[in-house]
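Take a look at the structure below.
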């Protein structure tokens, strides 16, 4: 879960100017500690530190001390403030809300406000001024983790249970018929095919899947070549294959088009007519089966 | 497509850093290269030009009494930006304009009464005059009048008598500090309120004399044109927690019952007012020469299907282009449309969304690769999930009625605090084409 938002956190730390507010909803102290430690490690590499109130220190007093004198140029710092779970939470949110403009004038960097379950909703309603300028808000509670995990599991069930594919078949949705025909034929031969059209964008799981897949086949056509989504797939896969996926690219031309630059150097199979399909299919099968064997 | 070299990647990251800065959330004046003139865009994405409506009331006023107007708008809709344009346009037409930032002179989170508002505004005007020129004897006399009045009340001025300031009867008096104390020191503020509450008429007389003198100082070149005073930020006054109700009632009193005190003879005055004021009391606007509301950019039509408005979408794209190379962030133009529709025409949220796109691209292995459909959909999903948290289960029915009727009707007065919260958190929007209409925002709609 933390991995899902880590990139957003780093981008918030590295980009922007002035004071940025990052709101975190987290229930488990373990998750909170992990996030904090990860932040500390990241900042240490940048020769920076994570500033936070000392034990027992009043958060508002701490923030007040953190603010530099008016007119000064505030240094870029990362701050971590845990919103107390009970009693004082509302009071603190109200005071932070009132002091928003002063904080923005006198502080720079990222201020993480970390609270318990429901803090995001309470921030929106009890601190609307702060909420309106949020740079980042994320939920690390278990409920959120579960809701995030469910669709992911459903989506990737096939990949997770089988663990391995022989073919990763990439195609434009306009060539779905060709893709379906090819898939059916290959499956009849006992090969396991994972199909990916441009209806679904490229995601990191596909790279992971590629590591457990024998061959990458792309059905080339004008709609494939000019699909930005597929071009991006190809771009990433090209970068990836240089490291761990060499010599396992099989471009198949189903309609006449220009070859994408990433695979221009590769030999391709001609499937443009039925006759060419029948002529070249045995060659394709031979390549795939030799690898499977 | 070619694989970018590391140097190119770094260069791109630098470009994205610059773009993030250009997407900073702050009011921009008409001379700023990031400014986009929505009022000139085809299709009137915001209905009539609000600045034109305000300036017309000033320019068409032939009396020597001046005028008093209200300007209102939703949070993050660009009010301050439009006020900067109003100031520039009126200045160009030969008017002397003083723009006072309310956030610097009043406390936006406490009950505002006419007395402390007028003292704060006087201090704000005095500071503006000091900033514009030397401390002439006339100016000292002007401040002296105000100070003498305050000295005759029970207000303890010792705490504002230090610092570089004008000399009043042998004592130093700091206008900036007076405004600062009222804005930040609740004890001093309530002292001022208590001391002046029963002497409001007297204070108003003093205030008006002060403003008359100030007018003489700044309209030397062309006394026939009345000066303009714009007081920004008052629409931001709101309470949180138990005092919210009190503060809202206070604003109603201020702008309705004390509307007479807000008129300054010989001046054209524009007060910014919270959008919930009309919900509280629709009669309020009758007390003013004009009342202008700045709506959101109308990204969809007021029809059942909320048909996207291509001209408004094009205007928002053009607005984004003023900030930098936005096209390089996404694979195809339609993806920008999705961001725009998700923002519901709320400028600040749109800028936040685009900043999120920049962040995503920045963190990619190859930041030269634009975001694809899936990534944009996911980003919009994250935005919706976060934004709609402002809605409680109890709000859903009311929001549903707005979504169906496109009207803003409170079922009862008890609903007001929640209604103003939902307006504040941009869950309820106002648009205009011909007439003004309301709708729930895109994130709120996903909650219904």
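Observations
- Residue within the range A:35-43 that is more than 14 Å from every other protein chain (Cβ to nearest Cβ) and either modelled with pLDDT under 90 or exposed (fewer than 14 other Cβ atoms within 10 Å of the Cβ) (or both) present: yes
- For the range B:324-338, a tally of residues being buried (at least 18 other Cβ atoms within 10 Å of the Cβ) and within 12 Å of chain A (Cβ to nearest Cβ) returns 3.
- Considering the range B:291-338, and only residues there that are touching a strand residue (DSSP E or B) at 6+ places or on another chain (Cβ under 8 Å) and part of a helix (DSSP H, G or I), the residue that is farthest from residue B:17 (Cα to Cα) turns out to be B:311.
- Every condition in (1) under 27 Å from the mean Cα position of the chain (by Cα); (2) more than 25 Å from residue B:47 (Cα to Cα); (3) more than 9 Å from chain A (Cβ to nearest Cβ) is met by residue B:367 except one, and the failing one is (1).
- Residue match in the range A:139-147 (condition: modelled with pLDDT under 50, in a helix (DSSP H, G or I) and surrounded by fewer than 20 Cβ atoms within 10 Å (Cβ to Cβ)): yes
- Output for the range A:71-120, where each listed residue is away from every other protein chain (no Cβ under 13 Å), closer than 21 Å to residue A:34 by Cβ and surrounded by 16 or more Cβ atoms within 10 Å (Cβ to Cβ): A:78, A:79, A:80, A:81, A:82, A:83, A:111, A:112, A:113, A:114, A:116
- Residue in the range A:165-187 that is at pLDDT 50 or above and under 21 Å from residue A:30 (Cβ atoms) present: no
- Enumeration of residues in the range B:388-408 that are under 17 Å from residue A:118 (Cα atoms) and under 25 Å from the mean Cα position of the chain (by Cα): B:388, B:389, B:390, B:391
- Of the residues making up the range B:278-290, just one is in a loop (DSSP other than H, G, I, E, B), touching a strand residue (DSSP E or B) at 6+ places or on another chain (Cβ under 9 Å) and surrounded by fewer than 21 Cβ atoms within 10 Å (Cβ to Cβ), namely B:289.
- Among (1) surrounded by 23 or more Cβ atoms within 10 Å (Cβ to Cβ); (2) within 14 Å of another protein chain (Cβ to nearest Cβ); (3) more than 20 Å from residue A:134 (Cβ to Cβ); (4) out of contact with any helix residue (DSSP H, G or I) (no Cβ under 8 Å at 6 or more places or on another chain), the one test that residue B:312 misses: (2)
- Enumeration of residues in the range B:83-126 that are farther than 23 Å from residue B:292 by Cα and surrounded by fewer than 20 Cβ atoms within 10 Å (Cβ to Cβ): B:104, B:107
- Matching entry among B:219, B:187 (being modelled with pLDDT of 70 or more, surrounded by fewer than 18 Cβ atoms within 10 Å (Cβ to Cβ) and under 30 Å from residue A:96 (Cβ atoms)): B:187
- The single residue among B:357, B:369, B:384, B:380 that is in a loop (DSSP other than H, G, I, E, B) and touching a helix residue (DSSP H, G or I) at 6+ places or on another chain (Cβ under 9 Å) turns out to be B:369.
- Those residues of the range B:339-354 which are in contact with a helix residue (DSSP H, G or I) (Cβ under 6 Å, 6 or more places away or on another chain), assigned to a helix (DSSP H, G or I) and over 30 Å from residue B:10 (Cβ atoms), in sequence order: B:340, B:342, B:343, B:349
- Single residue of the range B:339-360 satisfying the filter (over 15 Å from residue B:313 (Cα atoms) and touching a strand residue (DSSP E or B) at 6+ places or on another chain (Cβ under 7 Å)) that is farthest from the other protein chains (Cβ to nearest Cβ): B:357
- Taken as a whole, the range B:391-404 holds no residue that is surrounded by 16 or more Cβ atoms within 10 Å (Cβ to Cβ), in contact (Cβ under 8 Å) with a residue 60 or more places away in the chain and out of contact with any strand residue (DSSP E or B) (no Cβ under 9 Å at 6 or more places or on another chain).
- Some residue of the range A:58-67 being more than 22 Å from residue A:117 (Cβ to Cβ), within 13 Å of another protein chain (Cβ to nearest Cβ) and in contact with a strand residue (DSSP E or B) (Cβ under 8 Å, 6 or more places away or on another chain): no
- Hey, residue B:76 surrounded by 17 or more Cβ atoms within 10 Å (Cβ to Cβ) and assigned to a loop (DSSP other than H, G, I, E, B) or not: yes
- Test set (1) under 25 Å from residue A:22 (Cβ atoms); (2) away from chain A (no Cβ under 14 Å); (3) free of Cβ contacts under 8 Å to residues at least 40 places away in the same chain - residue B:321 fails condition number: (1)
- Selected residue [more than 9 Å from chain B (Cβ to nearest Cβ), over 30 Å from residue A:50 (Cα atoms), modelled with pLDDT under 65 and in contact with a helix residue (DSSP H, G or I) (Cβ under 9 Å, 6 or more places away or on another chain)] from A:162, A:155: A:155
- Enumeration of residues in the range B:1-51 that are part of a loop (DSSP other than H, G, I, E, B) and within 14 Å of chain A (Cβ to nearest Cβ): B:1, B:2, B:3, B:4, B:5, B:23, B:24, B:25, B:26, B:27
- So residue A:6, is it over 30 Å from residue B:381 (Cβ atoms), modelled with pLDDT of 85 or more and either surrounded by 13 or more Cβ atoms within 10 Å (Cβ to Cβ) or within 10 Å of chain B (Cβ to nearest Cβ) (or both): no
- Exactly one residue out of B:15, B:28, B:3 is modelled with pLDDT under 85 and within 17 Å of residue B:324 (Cα to Cα): that is B:28.
The values are calculated or read from the model by the stated rules, or taken from the named source; none is laboratory data. Quick caveat, the model's predicted, so the values are computed rather than measured. All Cβ positions, glycine included, derive from the backbone under ideal geometry; neighbour counts span all protein chains shown.
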